[in-house]
Number of protein chains: 2
Amino acid sequence: MSRILRYHSTGRPADVLTLETESAPDPAVGEVRLTVLAAPVNPADINQIEGKYGKQPSLPATPGAEGVARVESAGPGVSTLSPGDLVLLPPGAGSWRESLTTAAQDLVRIPADLDILQAAMLRVNPPTALLMLTQYTDLNAGDWVLQNAANSGVGRCVIQIAKARGLHSLCVVRRPELIPELEALGADAVILDRREDMASIRERTGGAKVRLALNAVGGDSATGLAAALAPGGTLVTYGAMSKQALKVPNGFLIFKDLRVRGFWLTRWFENATVEERGPVFDELIALASAGRLTVPVENTWPLGEFAAAVDQAQREARSGKILFRMSA
Amino acid sequence: MSRILRYHSTGRPADVLTLETESAPDPAVGEVRLTVLAAPVNPADINQIEGKYGKQPSLPATPGAEGVARVESAGPGVSTLSPGDLVLLPPGAGSWRESLTTAAQDLVRIPADLDILQAAMLRVNPPTALLMLTQYTDLNAGDWVLQNAANSGVGRCVIQIAKARGLHSLCVVRRPELIPELEALGADAVILDRREDMASIRERTGGAKVRLALNAVGGDSATGLAAALAPGGTLVTYGAMSKQALKVPNGFLIFKDLRVRGFWLTRWFENATVEERGPVFDELIALASAGRLTVPVENTWPLGEFAAAVDQAQREARSGKILFRMSA
């Protein structure tokens, strides 16, 4: 018997989650049985438990969009994985559990020496950052990318992946104490989300034509990014922390040819072929192995302390991510 | 000596326009001398005189983004045009004048039997409509396009060009008396810009996945179009009659993959090659010659009555366009 978190109705996470047990089935043909080692609490997990996400699972459901696991046993016909291998869980697996039996072909194998907690956070934020940097505009080394919410999990990945690709990042944050921290992480410029700082963007980028801005806030913050983009630039929205709709002055569209798009990792996983996924994870695993793609961790919790874990994950101004660290 | 309208400062059109005279120079190598026959008063002309347009000319300036003219004489080296030929004026010529000497290569020759007033309106609204229908999504016969401000000059072109291309148009208007008129013009469905009608779009299109919406209003009207688009659909803004910014719920971008773009004909003319312009005007001239692309005319005025002309052009609820009809 192994432990698993479930919610049978949507609502406040600490209230609706329950710790249950189940027996993990033996692997069938093409399957492996996994022991889950660690899984983060992501904002989308919280939103889904609250019933406020774009795609809701049928209930009861187990939360957790990503996690890292160890192969315990392999069923007949599995040649790509062996007991002891480390893997990233597939989309939709529900990672807030101790054990899982699933198809081997959906798993991404990772190096044995990768930090377990960092590996557990490799399937959601890093590909979101990498794909937003590559799918909307052809950026060349030396080009700039703007982003707000730069201290978020995705924001920190954008800084590090941009740096590794020779791109410059101009980052917008709300708290001044984050400026030295993000500069140390590799941001080329960090400014505060207020009018006078936003007006300095052209100066901070040396007058470069900025063609890509990444928005996880919405409202006035997004409009500020749009104003700083060069003609023909693209504003990509992947979050809405302010809960305010995007306001786009008509002139930005008509006269400045602003392109407004959205990114949702779930859609990418639904549409991407194995050939498209491969290079994305190869690049991210290589960066993580080299220690060039790290996310700070504030705390880890055992599954049984789920109420404390989700409460802490919903606090603003954390110093890092909250993860479940299974006892196994 | 010929007459020409100019403004030396921006402001209320009837106040700042002045009727002046100039001598039309003889055509140099590669040039022709033209007698302007007719030119419409377009909203962008008014906005430019008011100083409220995205691209303002240096002053003094002559308004008029389009018009039709007759070739009077050709300079040395002109083989493509002869005296008596009818042509469309080039972008930026300033059509509110009686005479113009300009490069022959910038002119689009049109058939002699084309209606003069219809020809005068062929260079701005019809290509705007055609390019918006073709440049953002690949629509196939039977597909739907949504549009608001469907009674505008562009809107009426969208209806007629869509019909000629086998596309269905669902049109949003503010005044119920326009419904039978636009249906007679070829619109497949016409609804009012209010919540209950907007909610009926799916029903009116037979549940079709609508992938293109054209917006000249902004504000809530644009949000209504965005809500009716299918996942992955594109909202193209080319006007802002409500003077309200576009409001885009973040979920439309993230979860529905809405693409928000803008269209500005001036940018297209700046970037399009001769090879790209040719087929566009061929298609429009063929439609106009066949009587399948017509715009209603409310009134024509001589150049000298410019104050009455621009005042009438700024009235809402007109029955058609206002044009200058030069005496020549």
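The values are calculated or read from the model by the stated rules, or taken from the named source; none is laboratory data. Values in this document were obtained by computation on a predicted structure and should not be read as measured data. As a convention, Cβ positions derive from the backbone with ideal geometry for all residues, glycine included, and neighbour counts pool all protein chains shown. What goes into the accessible areas is simple: the full protein's heavy atoms, side chains included, and nothing from ligands, DNA or RNA. Shrake-Rupley method; radii C 1.70, N 1.55, O 1.52, S 1.80 Å.
Here are the numbers:
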| item | result |
| --- | --- |
| Selection status of B:THR101, β-branched (Val, Ile, Thr) and outside any loop (DSSP other than H, G, I, E, B) | yes |
| Some residue of the stretch A:76-86 being assigned to a strand (DSSP E or B) and open to solvent by less than 30 Å² (accessible area, probe 1.4 Å) | yes |
| Lone unmet requirement of (1) closer than 23 Å to B:GLY232 by Cβ; (2) more than 13 Å from chain B (Cβ to nearest Cβ) for A:VAL310 | (1) |
| Of all residues making up the stretch A:172-193, the number that are modelled with pLDDT under 95, among the acidic types (Asp, Glu) and closer than 18 Å to A:CYS157 by Cα | 1 |
| Long-range neighbours under 8 Å by Cβ, at least six apart or interchain, first residue not assigned by TED's automatic domain parsing to the domain that holds B:LYS321 within the stretch B:32-45, second among the aliphatic types (A, V, I, L, M) and open to solvent by 10 Å² or more (accessible area, probe 1.4 Å) | none |
| Lone qualifier among B:ALA141, B:ALA150, B:ALA162 - being crowded, with 24+ Cβ neighbours inside 10 Å, outside any helix (DSSP H, G or I) and assigned by TED's automatic domain parsing to the domain that holds B:ALA222 | B:ALA150 |
| Residue satisfying condition, being touching a residue at least 24 places away in the same chain (Cβ under 8 Å), open to solvent by 40 Å² or more (accessible area, probe 1.4 Å), acidic (Asp, Glu) and more than 27 Å from B:VAL280 (Cβ to Cβ), within set B:ASP26, B:ASP113, B:ASP15 | B:ASP26 |
| The lone exception for A:ALA286 - which of (1) surrounded by fewer than 22 Cβ atoms within 10 Å (Cβ to Cβ); (2) small (Gly, Ala, Ser); (3) over 20 Å from the mean Cα position of the chain (by Cα) it fails | (3) |
| Of residues in the stretch B:29-61 being among the β-branched types (Val, Ile, Thr) and in a strand (DSSP E or B), the one most open to solvent (accessible area, probe 1.4 Å) | B:THR35 |
| Residues within the stretch A:2-12 that are surrounded by 12 or more Cβ atoms within 10 Å (Cβ to Cβ), out of contact with any strand residue (DSSP E or B) (no Cβ under 8 Å at 6 or more places or on another chain) and small (Gly, Ala, Ser), tallied | 1 |
| Residues that are more than 15 Å from B:LEU323 (Cα to Cα) and open to solvent by less than 10 Å² (accessible area, probe 1.4 Å), drawn from the stretch B:62-74 | B:VAL71 |
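Table: residues versus (1) more than 22 Å from B:TYR136 (Cα to Cα); (2) in contact with a helix residue (DSSP H, G or I) (Cβ under 8 Å, 6 or more places away or on another chain); (3) aliphatic (A, V, I, L, M).
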| position | (1), (2), (3) |
| --- | --- |
| B:ALA187 | no, yes, yes |
| B:ARG202 | no, yes, no |
| B:GLY206 | yes, no, no |
| B:LEU212 | no, yes, yes |
| B:ASP220 | yes, no, no |
| B:GLY232 | no, no, no |
| B:LEU235 | no, yes, yes |
| B:GLY239 | no, yes, no |
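Yes/no per residue for (1) open to solvent by less than 20 Å² (accessible area, probe 1.4 Å); (2) modelled with pLDDT of 95 or more; (3) in contact with a Lys or Arg (Cβ under 8 Å, 6 or more places away or on another chain); (4) aliphatic (A, V, I, L, M):
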| residue | (1), (2), (3), (4) |
| --- | --- |
| A:PRO231 | no, yes, yes, no |
| A:ALA240 | no, no, no, yes |
| A:LYS243 | no, no, no, no |
| A:PRO249 | no, no, no, no |
| A:VAL260 | yes, yes, yes, yes |
| A:PHE263 | yes, yes, no, no |
| A:GLY291 | no, no, no, no |
| A:ARG318 | no, no, no, no |
